[in-house]
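The values are calculated or read from the model by the stated rules, or taken from the named source; none is laboratory data. The shown structure was predicted, so the numbers you read here are calculated from the model rather than taken from an experiment. All Cβ positions, even for glycine, are placed from backbone atoms using ideal geometry, and neighbour counts span all protein chains on display. Heads up: the accessible areas ignore ligands, DNA and RNA and are worked out on the full protein's heavy atoms, side chains in. Shrake-Rupley method; radii C 1.70, N 1.55, O 1.52, S 1.80 Å.
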Amino acid sequence: MPVLHVSAECAPFAKVGGLADVVGALPGALARLGVASGVVMPFYGGPHGRLAQKAGAIESVHTGVVFFEGEWFPFEVFQSDALSSDGAEVPLYLVHEPEHFGDDGVYFRASDNTWFARGEVRYLVFQLMVLDWLRSENTPLDGDGLLHLHDHHAGLIPALLHTDPANSVLADLPTVLTVHSADHHGEIPWARWNSLGLDLPNWESLDHLGVVNSLKAGVETADRVTTVSPSYAIELTESPETSHGLDYAFQLAGDRLSGIVNGVDMDVWDPATDAFLPEHFSADDLGGKTALKQAVCASLGLDASRPLLTFVGRLTPEKGAEVLAPGIAQILHQTDAAVAILGSGYPEYEGALRDLAASAPEGRLSVTLAFDEALAHRLYGAGDVFLMPSKQEPCGLGQLYAMRYGTIPVVHAVGGLRDTVTAWDGAIGTGLRFDAYSADAFAEAVGRALALDADARAALQQNGMRADHSWAASAADYVTLYRELGLSTATKGSGV
Ligand code: GLC
């Protein structure tokens with residue numbers, strides 16, 4: 001196998017956000033282009049946990065032990081074939097180590113939502129285990145393979161490859177780091193890192209404000225750095241706010257940095273077959289979309305005769321939670337629309353939405369403060385307009401799902417939203433955008449969407465549904481990058 005993805009999440013096995021969707025879909029798309037790849041992630045909860053139930057039959061492929069902070073941590077790598085898609089073989093490797101990953105929770109303990117006792121070093125230990133396995137005779141990688149690292153959870157691997165003498169056999173392995181979000185950096189106190197006893201000729205590349213910064217380390221030391229849209233790549237180099245202080249590191253990456261937008265798993269996200277939808281439809285026959293809207297409105301207590309606006313997302317500052325409640329308040333006041341919100345997150349934003357729901361007129365606002373995959377699919381499909389006021393958006397998947405399901409997106413023109421939603425100009429376009437990040441600008445753009453005549457709405461809907469956001473093009477861009485790094489695997493298809 002030439003390419004191994006190293007990630008903290010992979011759908012449907014362990015999903016917190018869009019990272020999981022990408023790592024769950026990209027290997028299948030690469031395989032269709034002739035590049036076999038596998039995924040390695042922590043085995044949250046171990047062989048008797050919740051993830052194990054989704055992983056099906058597993059087989060042990062490696063046992064090892066890592067030494068860290070004066071302790072030995074034995075671990076075992078299992079292989080599952082549960083990720084294989086469309087006849088493409090995608091092995092999923094699960095690293096089982098009970099001390100750091102014995103709980104079902106991904107970033108927080110499943111039972112009480114608290115942080116792990118050894119939280120600061122969990123992913124460092126994961127990376128040490130992955131490297132122990134890769135340098136063993138059980139490695140799944142071919143001689144000319146490469147590592148595709150995702151987010152800060154795998155960001156220290158290039159530095160470990162080059163500074164840990166134990167990894168000298170792997171030192172030539174090319175690395176690609178994909179930044180799905182710069183909101184988390186994986187900070188580790190130097191004292192804990194230093195227990196590795198490594199001789200660091202270039203310690204500055206790991207340091208940010210006096211601690212080891214895993215994301216920065218990856219950005220500075222990986223052979224290539226990608227982000228999930230070209231606009232986000234630019235924003236990371238220009239804005240200390242978007243990069244959370246790492247703009248200088250992204251600038252230093254220079255030509256090593258590029259943006260490749262995410263695709264959509266067209267098999268999972270198809271309104272004609274989606275098992276979560278009680279009614280189905282397609283661009284040629286939208287009858288089922290109306291029936292779906294009626295069913296969803298009835299189940300949420302909303303008035304189906306009104307235009308339906310939907311929101312699905314985490315209630316965090318990055319996703320625009322600050323402007324959501326005040327924007328919805330204006331929209332309820334200024335328009336005749338009904339609104340359905342699904343999401344969970346910071347208590348203050350949940351509280352503001354709960355208050356709004358309590359005072360909204362009958363049939364106008366439904367707020368579900370939860371993570372609910374089935375309802376999410378229904379809201380992407382049932383809406384007339386999809387709301388995505390993200391403050392920052394590396395790529396964003398909600399707008400892609402909404403377009404595919406004939407729901408017109410209204411988005412803040414930032415990051416991947418700018419790159420994937422073309423503004424309606426009266427003739428062409430796939431959605432509506434607003435530039436200023438404010439509740440007023442958001443409500444104004446929703447007003448514009450609701451004022452469109454039936455012909456314009458139908459054109460926008462068709463443009464969105466027929467746009468090609470499949471993984472094929474993005475996967476081809478990754479293959480080009482892999483080949484620039486020396487991957488010699490023969491590839492199928494044209495243009496690759
Ligand atoms: C993160 C980003 C989102 C992106 C996803 C997958 O969740 O916030 O914009 O689509 O990763 O790359």
Kindly check whether there is at least one residue in the stretch 338-346 that is out of contact with any Asp or Glu (no Cβ under 7 Å at 6 or more places or on another chain), of a type in the set (Ser, Thr, Tyr) and buried (at least 24 other Cβ atoms within 10 Å of the Cβ). no
Is it true that residue 416 is crowded, with 24+ Cβ neighbours inside 10 Å, part of a loop (DSSP other than H, G, I, E, B) and within 16 Å of the ligand (Cβ to nearest atom)? no
Starting from residues that are of a type in the set (Phe, Trp, Tyr) and assigned to a helix (DSSP H, G or I), keep the ones in the stretch 435-487 and report whichever is farthest from the chain's Cα centre (by Cα). 442
Kindly indicate whether residue 407 is modelled with pLDDT under 95, in contact with a Gly (Cβ under 8 Å, 6 or more places away or on another chain), away from the ligand (no atom under 14 Å from the Cβ) and within 21 Å of residue 263 (Cβ to Cβ). no
Within the stretch 254-273, residues crowded, with 21+ Cβ neighbours inside 10 Å and more than 16 Å from the ligand (Cβ to nearest atom) come out as 271
Taking the condition within 16 Å of the ligand (Cβ to nearest atom) and out of contact with any His (no Cβ under 7 Å at 6 or more places or on another chain), does residue 299 pass? no
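Scan 38, 34 and give me the residue that is away from the ligand (no atom under 16 Å from the Cβ), assigned by TED's automatic domain parsing to the domain that holds residue 176, part of a loop (DSSP other than H, G, I, E, B) and surrounded by fewer than 24 Cβ atoms within 10 Å (Cβ to Cβ).
The conditions single out 34.
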Being on the phi < 0 side of the Ramachandran plot and more than 19 Å from the chain's Cα centre (by Cα) narrows it down to one residue among 7, 80; which is it? 80
Quick one: in the stretch 1-17, which of the residues that are surrounded by fewer than 23 Cβ atoms within 10 Å (Cβ to Cβ) and small (Gly, Ala, Ser) is farthest from the ligand (Cβ to nearest atom)? 11
Might you check whether a residue that is crowded, with 24+ Cβ neighbours inside 10 Å and assigned by TED's automatic domain parsing to the domain that holds residue 311 occurs anywhere in the stretch 461-470? yes
Checklist (1) away from the ligand (no atom under 16 Å from the Cβ); (2) in a loop (DSSP other than H, G, I, E, B) applied to residue 59, failing item: (2)
State yes or no: is residue 393 on the phi < 0 side of the Ramachandran plot, among the charged types (D, E, K, R) and out of contact with any strand residue (DSSP E or B) (no Cβ under 9 Å at 6 or more places or on another chain)? no
Top-ranked residue of the stretch 377-395 - restricted to ones that are within 14 Å of the ligand (Cβ to nearest atom) and under 22 Å from residue 353 (Cα atoms), ranked as surrounded by the fewest Cβ atoms within 10 Å (Cβ to Cβ): 391
From (1) small (Gly, Ala, Ser); (2) away from the ligand (no atom under 16 Å from the Cβ); (3) crowded, with 17+ Cβ neighbours inside 10 Å, pick out the condition that doesn't hold for residue 321. (2)
Give me the strands (runs of 3 or more DSSP E) completely within the stretch 267-381, filtered to those with at least 3 residues that are over 26 Å from the mean Cα position of the chain (by Cα) and of a type in the set (Asp, Glu), ordered by residue number. none
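Check 106, 90 and return the single one that is open to solvent by 10 Å² or more (accessible area, probe 1.4 Å) and either assigned to a loop (DSSP other than H, G, I, E, B) or free of Cβ contacts under 8 Å to residues at least 40 places away in the same chain (or both).
106
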Members of the stretch 83-119 that are over 22 Å from residue 345 (Cα atoms) and of a type in the set (Asp, Glu): 86, 89, 97, 99
Going through 21, 103, 81 one at a time, which residue ends up being in the same structural domain as residue 480 (by TED's automatic domain parsing), closer than 20 Å to residue 269 by Cβ and not basic (Lys, Arg)? 21
Helices (runs of 4 or more DSSP H) completely within the stretch 121-233 that count 1 or more residues being within 16 Å of the ligand (Cβ to nearest atom): 214-221
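Out of all the residues in the stretch 18-30, which are aliphatic (A, V, I, L, M) and either in contact with a Gly (Cβ under 9 Å, 6 or more places away or on another chain) or within 15 Å of the ligand (Cβ to nearest atom) (or both)?
19, 20, 22, 23, 25, 26, 29 - these are the residues of the stretch 18-30 that are aliphatic (A, V, I, L, M) and either in contact with a Gly (Cβ under 9 Å, 6 or more places away or on another chain) or within 15 Å of the ligand (Cβ to nearest atom) (or both).
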